[in-house]
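The values are calculated or read from the model by the stated rules, or taken from the named source; none is laboratory data. The shown structure was predicted, so the numbers you read here are calculated from the model rather than taken from an experiment. In this analysis, Cβ positions are derived from the backbone assuming ideal geometry, glycine residues included, and neighbour counts consider all displayed protein chains.
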Ligand code: TGC
Ligand code: FAD
């Protein structure tokens, strides 16, 4: 089919700055020319095209909103549009960029020492080095505050013990931002470099979602790191949760990209596919699905645009970010499922991108806080009552 036409039912284009449009178009063109031709094969093989790291770095994608250290210093709407275009390609591509930006560069930039920033940020920005973020554990997912991983001080070193699971880019990262409890029982962030004795990784196979993305286990067995590898600027669960606010913001935009890809494909398919002597797009029930999709995509775009403005003003609350992540990912998943339905049997093969997006979005619904956890975060905010557990 012809190339992507974009979705802009409410003239949102007119609300964007010249810079925001230029950044979006550059990433859209790159995804179209360089990534789309290879993604289906990587999805089949269960591999990720690591060679995209350098071009993404050159385009200023990594740490795009950060200032200094070679970062682009873009506004939050421009960053969101980048995430949208990457996820229009594949959720795995957006994950690759949002982990590097929001979960690795952000904590080093926000909580790191000057030496840590100078050592890591320029090479993470350029894509020369990759990073990963280790918060989730086998027994502690939605409740990371109960984590079991420990970083105990012994002489002039920290000794790490524990396991992190489901870690994007774990086995290819040169630096892992690992969250662990210290001697005082407080959560801290620690930079663990690949090759450190006692640190090993194992990739997770058999995934039916996020196949074009690397997901790993990180194991720490008496892994010793120097004292200067602790992030000095933060203490407690608000450290990792502050990073999640960055990444969840990017996911809210990214989900729009996944939904746009599915809507656009389903619309064009429905206009061409003839049954009962007519294009299936002429049937009321098919139109109802397409109208639902474009309405929900438009609402999601407006939600993100306003959230981006609030973020630029330093006024975006974590609970507002939760609402955008929760709503937009559910919207994208429902859109993908409807698009799959409109394609009929053709919807189950990877000749069309819809089933790939649909499977990926199951992960996006779960990671960075599940849909239900975000519901409870907003519920607590509006009622003042905690429904998480005991
Ligand atoms: P709670 O009392 O709510 O918070 C503890 C402290 O943190 C502060 N805080 C935040 N700060 C910044 N941003 C946020 N989003 C924040 N949310 C909370 C809060 O103010 C408090 O600060 P202080 O100063 O009072 O100590 O803690 P809780 O234990 O009740 O939290 C529960 C809950 C459910 C909200 C939280 O733990 C949670 O969000 N759970 C979901 C876990 C999660 O999202 N994991 C994601 C792992 S990383 C990942 O999935 C990467 S995917 C990567 C890819 O794209 O490939
Ligand atoms: P659980 O916490 O066991 O939840 C299972 C179910 O119980 C969910 O439906 C949940 O909503 C529900 N539930 C839990 N608690 C409550 C409650 N109080 N009330 C109501 N319902 C509840 N983590 C990282 O740290 N770094 C990464 O880079 C990373 N990448 C990932 C990549 C992939 C492909 C995937 C799949 C996951 C990744 N994760 C990563 C982990 C992800 O953040 C967790 O999977 C997620 O936080 C949920 O944790 P869990 O899987 O242990 O589910």
* To do: Filter segment 143-186 for residues that are away from ligand 2 (no atom under 16 Å from the Cβ) and part of a loop (DSSP other than H, G, I, E, B) and give the result.
  => 155, 156, 182, 183, 184, 185, 186
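For (1) part of a helix (DSSP H, G or I); (2) within 28 Å of residue 306 (Cα to Cα); (3) free of Cβ contacts under 8 Å to residues at least 24 places away in the same chain, each residue gets a yes or a no:
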residue	(1), (2), (3)
9	no, yes, no
14	yes, yes, yes
31	yes, yes, no
54	yes, no, no
57	yes, yes, no
70	no, yes, no
73	no, yes, yes
77	yes, yes, no
83	yes, yes, no
* Asked: In the list 334, 350, which residue meets the criterion of being outside the structural domain of residue 84 (by TED's automatic domain parsing), over 20 Å from residue 6 (Cβ atoms), more than 13 Å from ligand 1 (Cβ to nearest atom) and part of a loop (DSSP other than H, G, I, E, B)?
  -> 350
* Answer yes if at least one residue in segment 30-44 is out of contact with any helix residue (DSSP H, G or I) (no Cβ under 6 Å at 6 or more places or on another chain), more than 27 Å from residue 208 (Cα to Cα) and surrounded by fewer than 13 Cβ atoms within 10 Å (Cβ to Cβ), and no otherwise. => no
* Structure fact -> Log entry, pairs with first residue in segment 147-167 being free of Cβ contacts under 8 Å to residues at least 40 places away in the same chain, second being outside any strand (DSSP E or B), beta carbons closer than 6 Å, six or more apart or on different chains, reads 152/183
* If you take the residues of segment 370-384 that are surrounded by 14 or more Cβ atoms within 10 Å (Cβ to Cβ) and over 20 Å from the mean Cα position of the chain (by Cα), which of them is nearest to ligand 2 (Cβ to nearest atom)? -> 376
* Odd one out for residue 97 among (1) surrounded by 17 or more Cβ atoms within 10 Å (Cβ to Cβ); (2) within 16 Å of ligand 1 (Cβ to nearest atom); (3) over 14 Å from residue 57 (Cα atoms) -> (3)
* Structure fact -> Just one listed residue, out of 109, 140, is under 19 Å from residue 238 (Cα atoms), free of Cβ contacts under 8 Å to residues at least 40 places away in the same chain and more than 15 Å from the chain's Cα centre (by Cα), and it is 140
